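Visitor: Quick one: this structure, given as structure tokens, is what I'll be asking you about.
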Amino acid sequence: MHEFLAWLTERTGEIAGALWSSPLTLGVLLLTGLYLTVRLRLVQVRGFRHALALLSGRYSSHRDVGEVSHFQALSTALSATVGTGNIAGVATAIAFGGPGALFWMWVTAAIGMATKFAECSLALRFREVSPGGEIAGGPMYTLARGAGRPWLARAFALFAMITAFGIGNMVQANSVVDGLRYVMPALEGHGGAVGLALAALVGLVIIGGVRRIARVASMLVPFMAALYLAGAVIVVANHLPEVPAALATIVQHALNPWAVGGAAVGEAIRWGVARGLFSNEAGLGSSPMAHAAARTSEPVREGLVAMMEPFIDTLVICTMTGLAIVVTGAWQTPDESLKGAALTAHAFSLVLGPAGGWIVGLGLVLFAYSTTIAWSYYGDRAARFLLGPRAVMPYRVIYTLVVVVGAAVPLKLVWNLADIANLFMALPNLISLWLLADLVARMERDYFARPQRPAP
């Protein structure tokens, strides 16, 4: 069995490496975001203040169709995006791609805000509402009803179901074990027990559907983000004089092949874009499934709320993680065991001592838990689209059980599988964005051409 897992890890690593190092792959992802940024006239800049106002709830009416508020929809989506990508993903990117990977995560997030706006606006435009008020939406409905590509819709739903087990399930469980092992060495060899505990907590929430998920997420996300950011701010503040040099190092490793070598810059782009997509999920097509349930009659409003995800997830939280790793010099550690979440815990511990490791460990548990429950909803929406409403509950049960598996398999194998599934899920969604970009631009112009006032 050990030999088989080693062989599978090596093969999947080769496939993931070929896919994510391909200029075509990176070009499609980045060009889609750039195209939408230009086509939507920098909506991420023009609509930023209005997006913040929408989160206050003053523009919502209980008469509007939907299951959750703007803030709850954003919290649910952030539960999925603010996860181990912010701790383990950033550390993995820097460990394998150098400090320059963080710069390319910034680029992915900045243009990803336009991508997120487009895909979530379309999800509201083409969502389905059952007679009982249950919402079903996402790229599969956009592809089927908006783009007239039902076969692509089915392909997206299939890959979404598979991806949910990787990016939203096994990666999270595995990273929890990785982080906790750093602060509690006694857990070595007890990944299965950690997985069982996590699975039980996941099952308690996801059986109740999107309303229960949204309630838990809206309470958990602000708390866990504040806790983790407080620790990161302390770490960076203790190395404040080194911050300018750290930023210069990040930019140099990202853009200067004469200083660090062309191969190093290439690795920075590969890992930065791959981990950036993993972290904020812009273009992946996952978040639209959560935002489709929002209570609003204006699709553009939810698109504006949705574009705050890459900003919060990557430009704020991932940046603090990356700076903590670079300013402390943790990224230069020769210890090969310090990869992923353990590298972030090491950086925090250099300043905060054992408390730093515990902050990362607890943050990792909370992030991973919230991501796992949010991704269960994405997977069951895909299952519903492919197999009908009766498939939802069996999917939730299987999803819960797979958490245990994820906690016990090798970390590198799980990341490889997640990277492969991510890309195959993203492609149908990106096609829908190119096909419907004109419609999104018309929706955006129409919305901002009308006076927008708070609901009475």
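The values are calculated or read from the model by the stated rules, or taken from the named source; none is laboratory data. Just so it is clear, the model here is predicted, and its values are computed rather than measured. Glycine also receives a Cβ, built like all others from the backbone with ideal geometry; neighbour counts cover every protein chain displayed.
Visitor: Restrict the check to the range 323-333 and report whether at least one residue is in a helix (DSSP H, G or I) and under 22 Å from VAL221 (Cβ atoms).
Guide: Looking for residues that are in a helix (DSSP H, G or I) and under 22 Å from VAL221 (Cβ atoms), one finds at least one in the range 323-333, hence yes.
Visitor: From the list ALA391, ALA368, which residue is part of a helix (DSSP H, G or I) and modelled with pLDDT of 85 or more?
Guide: Only one candidate passes the filter, namely ALA391.
Visitor: Give just the number: which of (1) under 20 Å from the mean Cα position of the chain (by Cα); (2) within 21 Å of HIS291 (Cα to Cα) does LEU19 not satisfy?
Guide: (2)
Visitor: Now a separate question. Out of curiosity, is LEU362 part of a helix (DSSP H, G or I), closer than 17 Å to GLN172 by Cα and in contact with a Leu (Cβ under 9 Å, 6 or more places away or on another chain)?
Guide: Yes, satisfied.
For (1) surrounded by fewer than 22 Cβ atoms within 10 Å (Cβ to Cβ); (2) acidic (Asp, Glu); (3) over 21 Å from the mean Cα position of the chain (by Cα), each residue gets a yes or a no:
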| residue | (1), (2), (3) |
| --- | --- |
| VAL351 | yes, no, yes |
| VAL360 | no, no, no |
| VAL365 | yes, no, no |
| SER370 | no, no, no |
| ALA383 | no, no, no |
| LEU417 | no, no, no |
| LEU433 | no, no, no |
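Visitor: Here's another thing I want to ask about it. Can THR9 be described as surrounded by fewer than 23 Cβ atoms within 10 Å (Cβ to Cβ), in contact (Cβ under 8 Å) with a residue 24 or more places away in the chain and farther than 21 Å from PRO428 by Cα?
Guide: In short, yes.
Conditions (1) small (Gly, Ala, Ser); (2) surrounded by 24 or more Cβ atoms within 10 Å (Cβ to Cβ); (3) over 15 Å from PHE117 (Cβ atoms), marked per residue:
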site: LEU304; (1), (2), (3): no, yes, no
site: GLU309; (1), (2), (3): no, yes, no
site: THR319; (1), (2), (3): no, no, yes
site: GLY329; (1), (2), (3): yes, no, yes
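Visitor: Take GLY148 and tell me if it is at positive phi and either surrounded by fewer than 24 Cβ atoms within 10 Å (Cβ to Cβ) or not in a helix (DSSP H, G or I) (or both).
Guide: Yes.
Visitor: Let me ask you something else. Go through the range 184-221 and report how many residues are touching a residue at least 40 places away in the same chain (Cβ under 8 Å) and not small (Gly, Ala, Ser).
Guide: So the answer is 16.
Visitor: Does GLY66 meet the test of being touching a Ser or Thr at 6+ places or on another chain (Cβ under 9 Å) and on the phi > 0 side of the Ramachandran plot?
Guide: Considered against the rule, which asks whether it is touching a Ser or Thr at 6+ places or on another chain (Cβ under 9 Å) and on the phi > 0 side of the Ramachandran plot, GLY66 comes out as yes.
Visitor: Of all the residues that make up the range 32-48, how many are part of a helix (DSSP H, G or I) and on the phi > 0 side of the Ramachandran plot?
Guide: Residues meeting the conditions: 0.
Visitor: Given the conditions (1) in contact with a Lys or Arg (Cβ under 7 Å, 6 or more places away or on another chain); (2) assigned to a loop (DSSP other than H, G, I, E, B), report the number of the one that LEU284 does not fulfil.
Guide: Status for LEU284: all satisfied but (1).
One line per residue, one yes/no per condition, for (1) closer than 25 Å to ALA197 by Cβ; (2) in a helix (DSSP H, G or I); (3) not hydrophobic (A, V, I, L, M, F, W, C):
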residue	(1), (2), (3)
SER297	no, no, yes
VAL300	no, yes, no
GLU309	no, yes, yes
LEU315	no, yes, no
SER349	yes, yes, yes
ILE373	yes, yes, no
ALA382	no, yes, no
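Visitor: I need every pair where a residue in the range 34-63 that is within 12 Å of ALA306 (Cα to Cα) has its Cβ under 8 Å from the Cβ of a residue that is surrounded by 12 or more Cβ atoms within 10 Å (Cβ to Cβ) and basic (Lys, Arg), sequence separation at least 6 or different chains.
Guide: LEU54/ARG301
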